[in-house]
C-alpha cells in the first residue's frame, strides 16, 4: 500500500497486515476521538439504548470498568484523566481478534452452518461482508436472506424513521423507505438491533432455518448475541457493547478497528481472514 490511497492485491503476511492497519488508520491512531469514546462509555453505563445496541448486560459496568475493559480489548488509554484527542487501537489486539474471527468462520464452513450477514455500516463495510458471504456460500453454507422488504421502524435523533430490510450480495442492511430508490443506495447507517430481530422473526415465520452464526456490526451482533445466537463482528472504540458482550459471553468475537475508513481499505483484511479460515479461492 502506498500511503493511505493504495490497495494490496495479494494475501498479506501478519507483519504486512499490521503495517496496513497502521497506514490505513484502521488501528494505531484512529479517527474516533477520545471525547466520543468516553461519551459512549458514559451512555452505556447509564444503559442508553443508543449504545447498548440490543445488549442487556448482566453485570453492572460503570464508566471506570468500561474504560478498563476497552483498554484491555482495544488498547485505548486506561487513564481517566485522558479526555481529549484521537483515540488509539492496538494493532496486535486487532490481529489477534481477526485470527479468532477467522476461526469462527472456518468452524461454520466445516459444519456448513446457515449464516446471516448484516451491517449498519453499508457505505464502508458492505464489500468486506459480501466477500465473506461469497466464500461461505462456496463452502456449502446457506447464506440466509429472510424477511426481505420487511418494514423496520427505527427511532433516531430525527424521530422515528421507517426503513425496509434489504439484501445486497447476501448482506442485510436497511434502506430509508421515505427516499426514492436512487437516494437509498447503498443503505442507511444504523446502530439498532431491530433489523436483526426483524430478520430472525421473518426466518422463524417462514419455517426456514435460523442462523447458527451472525456476522456483522452494531445491533446485528449485539441483537443476535442477546438472543443466544453465536455472533462475531467489528467494532470501533466508541462501540463498547460488542466488547461487553464478548466479556459476558453473548458475543463470540469482537474485532477492534476503525469502522469508518474507506471501503477499499478493508480488502486486505478480507483476504487475510479468508486465508486464515482456509476459504480463499
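Please treat every number below as a calculation from the coordinates, not as lab data. Bear in mind the structure is a predicted one, so any value in this text is a computation, not a measurement. A quick note on method: Cβ atoms are made from the backbone with ideal geometry, for glycine too, and the neighbour counts reach across all protein chains shown.
At a 10 Å Cβ-Cβ cut-off, how would you order 155, 237, fewest neighbours first? Listed from fewest to most nearby Cβ atoms, that is 155, 237. Counting neighbouring Cβ atoms within 10 Å and putting the fewest first, the residues 141, 222, 74, 278 line up as 278, 141, 74, 222. Taking every alpha-carbon pair within the range 84-211, the share separated by more than 26 Å comes to 30 percent.
According to the Kirkwood relation over distinct C-alpha pairs, the hydrodynamic radius of the chain is 18.8 Å. Entry note, the chain: the mean residue ellipticity at 222 nm calculated from DSSP H runs of n ≥ 4, each adding -39500 (n - 2.57), is -12500 deg cm²/dmol after division by the residues and rounding to the nearest 500. Look at the Cα gyration tensor of the range 1-126: its axes a ≥ b ≥ c give a/c of at least 1.5 with a/b at or below b/c, and that counts as oblate. Running a GNM on the chain with Cα contacts under 10 Å, which residue among 240, 256, 49 ends up with the highest mean-square fluctuation? It is 49. Between residue 35 and residue 103, the simple spin-label model (points 7 angstrom out along Cα→Cβ) gives 4.0 nm. With the convex hull of the Cα atoms taken as the outline of the range 212-252, the averaged projected area works out to 2.3 nm².
The ratio of the alpha-carbon radius of gyration of the range 135-281 to the globular-protein estimate 2.2 N^0.38 Å is 1.06.
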